[in-house]
Amino acid sequence: MEKEAAILTPSVAGKSEDQALVARALTVDYGEGPVLGPLDLHLPAQGIYTVLGPSGSGKSTLLKAAAGLLPGFGGSLIYGGRPIGSGKAAGAEIRVGLVPQNYGLLPWQTAIANIRTALKIARPDEDRARREATALRWLELMGLSGLEGRYPRALSGGQQQRVAIARAFAIRPDLLLLDEPFSALDAVTREGLQRLLLESWRQQPSTMLFVTHDVEEAVLLGRKIVILTSSAGHPVLIDNESVFFLADEDKRDHETFYEQTRHIRRIMREGR
Amino acid sequence: MKSGNNTEKSRAGNNGEKSNPESDSATSRATSRPSRNNRISGFGTMLLRLLSVFVVLHVLWGLIAALLKRDMLPSPLVVYRALFKLDGGDMLLNIGTSMGRVFAGIALALIVGLLLGLLMGRSPRWNRLLDPVVYLTYPIPKIALLPVAMLFLGLGEASKIVMIALILVFQVIISVRDGVKAIPANTYDVLTSLGAGRMAKFTQITLPGALSSILSTIRISLGTAFSVLFFTEIYGTEHGMGYFIMDAWLRLDYPGMYAGILLFSGVGFLLFVLVDLFEHRFMKWRA
């Protein structure tokens, strides 16, 4: 019995450790000098990590690597003990919910068909009725009921973005990757979607990487903030729990929020 | 039709951000009605325009026929009388035979052309290899190869179908390749990150993405295929629209000849409409 417990305990304790996203000496080079890294990161599971950095710091490249979209990279990138493949192997074991900057909806499929397609690929073992219910539920949570039959062209930017987010959540991903998803939206739409994103994530937590160039957005959403600098150097990892656990309504007006924003601006200035 | 879509879009844009499902669905319901009405009236005007062109052409034809007063251009009335006197079963066989050849030729061209076009569009290596081949052979006037096709394949169906396919296949290859190339690479990102296989990517992205250029190729091909068909039906057959027209001509049966030409055009027009309907069904997302 004791022996059994001894075996069980470390595996339970190690679970979140196992599920961590770990980068070791991650380097991406297209032949004209490194685009990213060398980068070392250790991000425990089930957290929202916002990735900040000026353009050219490799934010999007990091996200692409995590999505398994890069043909090759140096070093290693591991999620839950399994390497994220260079290319194809990624999705087979690690479910990735990707929300690209341009929303990435297939223009020839309606809102619900876009989610259906993703579910069919990500969850082939589930029956059709269950997938359909999942798709409808997430569209409803995103406030898109009644628009499921629309083609992306007949939706506004904010609506398209919500379809993309619904799709990413619907597959119940291990890794949720968002690449500056709100950068093309107006301020009011953006704030609404930030809140919606946080609510959805609380309902269904996963390891979320959120790339942004907006310092305030990074502070508002992230549990930890990863700051990449343009010159190859170690990323700065900032603990943001003090803001993360504030109530959503208070965040923007809270003193801690301002302080954290100032703090990060200073780091970004000096890190350059 | 256009204005209907615009209002729909702008109203959806104003309303949607409040994430209020009630108002969203109300908007879509309210705007779907006028857009449908517009579509019907748009279809009506289109039909009216086609009809008026049809009538004007016939009036012109009648005028020229009346002015010429020669056997080689009978009046529309005479031709239509000849048209309705034609043996239905016989003409059905002629039309059926011709359609069979056209469809077989187009199908063959599409199969080969899609395969090569997709290959060249998706793989730079295959494109490098095949591009010079296409570039070099494209300008050859393929109709000049008709005797060669007859020598190798005989006078029967094979040479006719291959001839049609041969002429069409190059434009299919080129437009499919360009259509596939025009799909932005990042369109594949989300499905790739989900671990989609080749087949899923092909059916969900490559094919629908290239469908619009495939359909416009088919539209152009249809006209070309009919012209080639006419040539190939001059020899080695006793059925088909081309054969019928040439036969009537040689018998100096001018009303019959014109009746054949009318029928041939009518069939061509129907196929054209068919492609349009197909496009309307599958290209809805672009409207």
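Coordinate-derived values only; no laboratory data. All values derive from a computational prediction rather than experimental measurement. Here the Cβ is made from the backbone with ideal geometry for all residues, glycine too, and neighbour counts use every protein chain on show.
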With a Förster distance of 56 angstrom and the Cβ-Cβ distance between B:ILE220 and A:TYR30, calculated FRET efficiency to the nearest 0.05 equals 0.90
Here the relative contact order (percent) of segment A:107-173, from C-alpha pairs under 8 Å and at least 6 apart, is 49 percent
As a Kirkwood estimate from alpha-carbon pairs, the protein assembly as shown has a hydrodynamic radius in angstrom of 28.3 Å
Once the dipole of chain B is set up from charges on Cβ (+1 Lys and Arg, -1 Asp and Glu), the residue from the list B:LEU114, B:PRO255, B:LEU77 lying farthest towards its positive end is B:LEU114
On the formula 1/(1 + (r/R0)^6), with r taken between the Cβ atoms of B:SER52 and B:LEU92 and R0 of 25 Å, the FRET efficiency rounded to 0.05 is 0.25
Rounded to one decimal in nm, the spacing of the 7 Å Cα→Cβ label points at B:TYR135 and B:VAL59 is 5.2 nm
Using the Cα gyration tensor of chain B, the equivalent ellipsoid's semi-axes, largest first and to the nearest Å, work out to 42, 32, 14
Kirkwood Rh for segment A:107-173 from C-alpha pairs, in Å, is 11.5 Å
Relative contact order of chain A (C-alpha contacts under 8 Å, at least 6 apart) in percent is 24 percent
Percent relative contact order for chain B, counting Cα pairs under 8 Å at least six residues apart, stands at 21 percent
In whole Hz, the Karplus estimates of ³J(HN,Hα) for segment A:174-181 (6.51, -1.76, 1.60; θ = phi - 60°; x where Gly or Pro) are 6, 10, 10, 10, 10, 9, 6, x
Neighbour-count ranking for B:VAL56, A:VAL215 (other C-beta within 10 angstrom, fewest to most) reads B:VAL56, A:VAL215
In nm, the gap between the two label points placed 7 Å beyond Cα toward Cβ at B:ALA107 and B:LEU252 is 4.3 nm
Most packed first (mean Cβ within 10 Å per residue), the peptides A:234-241, A:252-259, B:143-150 order as A:234-241, B:143-150, A:252-259
The FRET efficiency for A:ARG172 and B:LEU274, from their Cβ-Cβ distance with R0 = 51 Å and rounded to 0.05, is 0.70
Summing -39500 (n - 2.57) over every DSSP H run of at least 4 residues in chain B and dividing by its residue count gives a helix-only mean residue ellipticity at 222 nm, to the nearest 500 deg cm²/dmol, of -27500 deg cm²/dmol
Over all Cα pairs of chain A, the Kirkwood radius sets Rh, and Rg/Rh then becomes 0.98
Stretched fully, the stretch from B:ILE183 through B:VAL148 gains (0.36 nm per residue minus C-alpha distance, one decimal, in nm) 8.8 nm
Along the dipole axis of chain B (charges at Cβ: +1 for Lys and Arg, -1 for Asp and Glu; origin at the Cα centre), the most positive-end residue among B:ALA104, B:PHE278, B:GLY266 is B:PHE278
